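All of the numbers you see were taken from the coordinates with simple rules; none came from a lab. Computed from a predicted structure; not experimentally measured. Cβ: placed from backbone, ideal geometry, glycine included. Neighbour counts: every protein chain shown.
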């Protein structure tokens, strides 16, 4: 004997989760093309993407990162930030 489970037909369709802005601005990135200068607009877009950290995020998400690896990476990044801040403090 087979048992079949069916969803009611009046159930609303499943909606994909809406992306949440990570931090800061949630406006879409915008580059204006002036005249026929497409190459300049592309370079501006690449620069904006680099400054926003999109390339770094894409590289990070390319492969699965184990939670232990994520923790180690975050610790390394924090240590780098501390060392960088110490270098900026000029001893008088």
Cα-based convex hull volume of the range 38-87 per residue, rounded to whole Å³: 82
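Could you work out how much longer the chain between residue 65 and residue 51 gets when fully extended? Use 0.36 nm per residue separation minus the Cα distance between them, nm to one decimal.
Details: separation 14, 0.36 × 14 = 5.04 nm, distance 2.33 nm.
Stretched out fully, the residue 65 to residue 51 stretch lengthens by 2.7 nm.
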Extension gain from residue 82 to residue 32, taking 0.36 nm per residue of separation minus the Cα-Cα distance: 14.2 nm
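Among 82, 90, rank each residue by its count of other Cβ atoms within 10 Å, from fewest to most, as a rough exposure measure. Let's see the in-between values first.
Details: 82 10, 90 5.
Fewest-to-most ranking of 82, 90: 90, 82.
Between residue 44 and residue 89, how high is the FRET efficiency from 1/(1 + (r/R0)^6) when r is the Cβ-Cβ distance and R₀ = 30 Å? Nearest 0.05.
On the way: r = 34 Å, r/R0 = 1.15.
For R0 = 30 Å, the calculated efficiency reads 0.30.
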Packing-based exposure ordering (other Cβ within 10 Å, fewest first) of 29, 49: 29, 49
